[in-house]
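Presented below is the structure to which this report refers.
Each value in this text was obtained by applying a stated rule to the coordinates, not by laboratory testing. From a predicted model like this one, the values you see are computed outputs, not experimental measurements. Neighbour counts run over all protein chains shown; Cβ positions are idealised from the backbone, glycine included.
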Amino acid sequence: MQERLPDMLVRAFGNEVEARLFSGEDGTELELFRSTCPDDRTVVQSLVGIDGTMLGVQVPTDRADAIRALLDSIARQVHDLDQLERDMESMYESSLAQMEGVARLGQVVQQISVCRTDQELASLAIESLAVAVSVERASFVRVLPQQGVCEIVVEYVPDPQTSDYRFDESRCGEPFHVAGGFLAEVLDGRATAIIPAEQAREEAVPGTPGSDVQDQLLAVPVRYGNAENRTTVGAIILSDPRANLYASARQFGSQEAELAINIGSMLGAAVGQRRFAAVDRELKLAKEIQHQILPQVPAHLDGFDLAGRCETPGAIGGDYFDFVPLHDGRLFVFIADVSGHNLASGMVMVGARSALRLLAGRESQPGAVLTGLHDAIYDDLSRTERFITAAGTALRADSGSLELVNAGHNPPLCFRAATGEVEELPGEDPILGLVPGISFEAQPLNLSHGDVLLLYTDGVTEAVAPDGTMFEEHRLAEVLGRSAHLSAADILNAVFTSVREFADQTEAGDDVTAVVIKYVGEASS
Amino acid sequence: MSARKVLVVDDEPIICRSLSFALRKDRYEVFEARDGEQALEVIRKERPDLVFLDVMMPKMTGFDVAEQVRQDESLAGMKIILLTAAGQEQDRNRGESIADEYLTKPFSPTNILALTRKLLGE
């Protein structure tokens, strides 16, 4: 007679799986087998139902090894399934977090152009990032102009009423010193950092991001510019991962850091763009002012035909010319070149102009005007390590007797109608701003009818052709000789046209300035 | 009250699965379909309260599915959210006339859940 096979009951309790063998004859328990899931989670129970009953099979009593193998296999599969489920969950969460990140980045990109202030930009970026990463607190800390001082610009925290974030202004706008620690390192651009709570709390200034963190902190710098010229605007600091509607709290990792870096880069670029635009506007305004203070119409003086022009390739120039009445009624024609052609040169030039105009009204001698000018601006010039070369001439109506003064400036050229020759008129006085306490002296110059005096800056003679050669005095003299029979305005046009045609158009050159003084009166008496 | 039913229709498995996962976490009963035909089957059988419908799918577009739902009086009141890739703005008018909402991908899961709660009156 064939022996009746016993029943087996498999049950799972927590992470343990057991099998009981019962006699097929009378139902008495024959043997108990146990196996443990290679994991301490208690998912098994939910998988097999709350009463623990999973399946009952009949196995022969002498198959203990087979039963153990079966149990181990069940335990392993339960474990694998459980692991798979958890992996899938974490993949879904990661994929949702990525969707959230991409969506929020897109939103920031779309709205960034309509933000009017740095604060609006920061709000947009920080709120988006807070939602995308899901954190307990997202902050933007701005670097203030004083060394080592920062302030919180915006902070977003979860709104307990809704699933949104709200602006928390309670800690914003209070300057604090950053002595060191993670924030100093992040602002130095040395690191994007994920910092454990303990370290963050120790290093953060009380009442600033990090001082109240419970779990983890993620900090990334906000900068603009390229590697050679980078400006740090501030830092984004995310405190404590937080569970949201669809995901458990994820520890900060590369995905969160990447998103923070991307949004930080966009914020930095936008702030940088705004700053550059603001500087551009200022420069345009400065250029306008500078242009407006140059003589707008050629001066008129009986016996002379006068013309002057200044062209600045950059936003701001350091060249200047002027027609100013002297105390004795003569007209002082003045040309000057401040070293450099940037905003600072332009400011020095504007200052020099005011001094010159003031002095001209009080003095009658061109030498005295330059001496006074030198005294007035020497301190400013030496402090800013700048200097000015200048040349000027005093003209009396209907008189060919001039006085010429030259402070280290390019020697004026003089066309003599009688011979058709062009002379160079070198001066011997030094540059303005180089040596303190010196005086300047004018030299007499006589012009006959048709003679032309040309004052110019080094932008003319040092204009560079594509092959590297310079325009130089001899080309300028040639242009002057060729055009001297024309009106002052046309001589000036000839000079500028020649320089423009000669110079390499691809290079933004120096400022170019020239003044033409043509004597059309009687010969000097 | 038993859980509200939501159907997610998208031929991209990762979007379909992730969105279902998020909705399940928010305690909805969620069904999935990978194309328009499957979607209509589930719609007629389960009568979901809300359908997320991808526009660009093979065989039958989301528009086609939505139009069939709207023509079927027995399905009146079913909320439909159309999901479309950015850059297909010309379809917006068509989408807005048949759907309750017209969302542009990439969408934010947070917004999706907020919208679901709003449309289902929770």
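Of note:
- Note on segment A:282-356: with charges restricted to the Cβ of Lys and Arg (+1) and Asp and Glu (-1), its dipole about the Cα centre is near 160 debye.
- Across segment A:80-216 the C-alpha pair distances fall into 10 Å bins from zero in the proportions 11, 33, 35, 16, 4, 1 percent.
- Ascending count of other beta-carbon atoms within 10 Å, so fewest first, for A:C414, A:C172: A:C172, A:C414
- Taken residue by residue and averaged, Cβ atoms of other chains lying within 10 Å of the Cβ of B:12-18 number 3.
- Tensor-based shape of segment B:25-122 (alpha-carbon gyration tensor, a/c under 1.5 rounded, otherwise prolate or oblate): rounded
- Given their separation in residues at 0.36 nm each and the Cα-Cα distance between them, A:E288 and A:E120 gain 57.4 nm when the chain is fully extended.
- Taking the fewest neighbouring Cβ atoms within 10 Å as the starting point, the ordered list for A:Y165, A:Y378, A:Y456 is A:Y378, A:Y165, A:Y456.
- Debye, to nearest 20: dipole size of segment A:93-203, +1 on Lys, Arg Cβ, -1 on Asp, Glu Cβ: 260
- Dipole orientation for chain A: of the candidates A:A257, A:Q107, A:A278, A:A278 has the Cα lying most toward the positive pole (charges on Cβ; Lys, Arg +1; Asp, Glu -1).
- In degrees, nearest ten, helix A:118-133 long axis to first principal axis of chain A (Cα): 20
- Sorted by Cβ neighbour density within 10 Å, fewest at the top, the residues A:L183, A:L306, A:L30: A:L30, A:L306, A:L183
- Cα-based shape type of segment A:277-368, given that a ≥ b ≥ c are square roots of the gyration tensor eigenvalues and the cut on a/c is 1.5: prolate
- Residue mean of other protein chain beta carbons inside 10 Å, B:101-110: 6
- Cα gyration tensor, segment A:406-525 - rounded (a/c under 1.5), prolate or oblate: oblate
- Here's the picture: charge each Lys and Arg Cβ at +1 and each Asp and Glu Cβ at -1 in segment A:412-525, and of A:F502, A:G468, A:V479 the one pushed furthest to the positive end of that dipole is A:V479.
- Which of B:G36, A:P221, A:S123, positive extreme of dipole for the protein assembly as shown (C-beta unit charges): B:G36
- Here segment A:255-325 and segment A:115-194 have alpha carbon centers that stand 34 Å from each other.
- Where Rh is the Kirkwood radius over Cα pairs, Rg/Rh for chain A: 1.38
- With 20 Å as the limit, the listed pairs B:K5/B:K59; A:K287/A:K518; B:K25/B:K45; B:K45/B:K105; B:K5/B:K105; B:K45/B:K79 have B:K5/B:K59; A:K287/A:K518; B:K25/B:K45; B:K45/B:K105; B:K5/B:K105 beyond it between alpha carbons.
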